[in-house]
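The values are calculated or read from the model by the stated rules, or taken from the named source; none is laboratory data. Computed from a prediction, not measured in an experiment: that's the story for all the values here. In this analysis, Cβ positions are derived from the backbone assuming ideal geometry, glycine residues included, and neighbour counts consider all displayed protein chains.
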Amino acid sequence: MNSKKNLINKSCVLRVSELNFAIKQLLESNVPLLWVSGEISNLVKAASGHFYFSLKDDLAQVRCVMFRHKSHLIEQPLSNGQLVEVLAVATLYEQRGEFQLTVEQIRPAGLGILYEQFERLKKLLESEGLFAEDRKRLLPIFPKRIGIVTSPQAAALRDVLITLKSRMPSVPVVLYPTPVQGSGSGEKIAQAIKLANRRAECDVLIVCRGGGSIEDLWAFNQEVVARAIASSAIPIVSGVGHETDFTIADFVADKRAPTPTAAAQRVVPDRHVLLRNLQDKAQHLQRVQRHRIQNVMQSLDYLQRGLIHPAQHLQRQTQLLNQLQQRLRRSLDYRKQQLHWRWQSLTQRLIAANSDVVGLQERHAHLSQRFAQALHNSQTRRLVRVDNATQHLILLNPQQVLARGYSMVQNASGQIISKAEQLAVGGEISVTFAKGWSKAEVKQLSDS
């Protein structure tokens, strides 16, 4: 400021551009960003996208410019005669030496009071803990019935119903009709919320309406609505306005959705996504089960390679018995030969002794006959025992038992089942017949 005054004082004669520049600097440095209210006139939108207009009241007017990069903040179309409030910087258009306001924001007149009311109520309810996250409840994952608090004529209702039908058409919807704009709409919205709680027929409520100006959405900024939402026993999703719109109802509700359509998406899952997830899980289970079955089949094949069939086992035992029988016969023949040699040796010794040959011969004949008979009887008994053992072994052959109509039952581990208590209902068993085998599942047990 002092440097600018020194510039003016030291220059006895200033060029017009220098003067305008100095005055512009003085204005922008000393006049803060401020709100100005007035009526729009001489409105022009240039090809560049900039807005030029005058802001006037009964006593004066001022030129205004709103550049294109700020014009997207305009909520409603501008028109001549419209009462507005602008947030602007006081400046000087140097080329013409004209005082003007460079507009940063623009809103319909009277919104300042509404914003103040909004902020006061927001601070009050926040101080009471109505916005606290710990008091807000989780929404049901699969609601049985959904309530909607809105106007029957609202476009938001159509959007919500279309979304709910596309995502989960089986969930019934209950409408609690109420005006969502105009005088007394706040009390009626609160009454609709209370009615829904008294009837207690829904698992979740959607409080919604489409976008609009702050005046259009003002019913959802009223204390009566906020307290009705806070005291609701039913979880509430707020879907008011567009994504950039925030109301008191949004802060108090258990969940805030940027649009009515998003509110509908919050309360029900997408059945298409659920079906895809279910299909993915089913495929995963099938893969896991198939892998387990393959492992069991490989394990069964490995066990079967080490399992000896009863017929094969019997054949091996029969071969061993035949070998033992042959060894026994060879042993008997060898023993008989030894005894014969000994007999001959004794005979020679007797002859050489020249004793009572006749008596000895008779005795020898008698002993030989007894020996032969004893040897024959012993061999016969041993052969009978071998034959009996062979017959007994044949009788013990499981294949012979199976051939008489019996069957052999084994569990999944290959153990032979002899009692019902070794089984469990639902277990798998293997039944072997005289020819072939089969698998079965235990349906009923009896220990009698």
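Which members of region 200-228 meet the condition of being assigned to a loop (DSSP other than H, G, I, E, B) and within 17 Å of G184 (Cα to Cα)?
Those that are assigned to a loop (DSSP other than H, G, I, E, B) and within 17 Å of G184 (Cα to Cα): I214, E215, D216, L217, Q222.
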Item to check | Subset of region 36-53 that is under 17 Å from L87 (Cβ atoms) and of a type in the set (G, A, S) - its residue that is farthest from the chain's Cα centre (by Cα) | outcome: G38
Checklist entry - Among R290, R271, which is surrounded by fewer than 16 Cβ atoms within 10 Å (Cβ to Cβ), among the charged types (D, E, K, R) and touching a Lys or Arg at 6+ places or on another chain (Cβ under 8 Å)? => result R271
Checklist entry - Is it true that E126 is touching a Phe, Trp or Tyr at 6+ places or on another chain (Cβ under 8 Å), surrounded by 11 or more Cβ atoms within 10 Å (Cβ to Cβ), in contact (Cβ under 8 Å) with a residue 60 or more places away in the chain and not hydrophobic (A, V, I, L, M, F, W, C)? => result yes
Checklist entry - Quick check: is even one residue across region 190-199 more than 36 Å from the chain's Cα centre (by Cα) and at pLDDT 90 or above? => result yes
Checklist outcome for this item: Here the residues within region 149-181 that are farther than 22 Å from L274 by Cβ and either outside the structural domain of K194 (by TED's automatic domain parsing) or in a strand (DSSP E or B) (or both) are V149, T150, V174, L175, Y176, P177
Checklist entry - Of these, G241, G211, which one is modelled with pLDDT under 90 and buried (at least 22 other Cβ atoms within 10 Å of the Cβ)? => result G241
Next on the checklist: Regarding region 77-96, can at least one residue be identified that is within 19 Å of W218 (Cβ to Cβ), touching a strand residue (DSSP E or B) at 6+ places or on another chain (Cβ under 7 Å) and acidic (D, E)?
Outcome noted: yes
Item to check | The listed residue being among the hydrophobic types (A, V, I, L, M, F, W, C), under 24 Å from Q410 (Cα atoms) and outside the structural domain of Q415 (by TED's automatic domain parsing), out of L300, L332 | outcome: L300
Checklist entry - Any residue at all in region 229-242 that is in the same structural domain as R135 (by TED's automatic domain parsing) and part of a helix (DSSP H, G or I)? => result yes
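Among the residues of region 418-448, which ones are within 27 Å of Q391 (Cα to Cα) and modelled with pLDDT of 80 or more?
Hits for region 418-448 are V431, T432, F433, K435, G436, W437.
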Item to check | Single match in S430, S378, S368 (criterion: farther than 30 Å from K336 by Cα and not assigned by TED's automatic domain parsing to the domain that holds M297) | outcome: S430
Checklist entry - What is the number of the single condition among (1) farther than 30 Å from R370 by Cβ; (2) in the same structural domain as L395 (by TED's automatic domain parsing); (3) of a type in the set (S, T, N, Q); (4) surrounded by 11 or more Cβ atoms within 10 Å (Cβ to Cβ) that Q319 does not meet? => result (4)
Checklist entry - Here are T390, T432, T347: which of them is under 30 Å from D301 (Cα atoms) and surrounded by 12 or more Cβ atoms within 10 Å (Cβ to Cβ)? => result T432
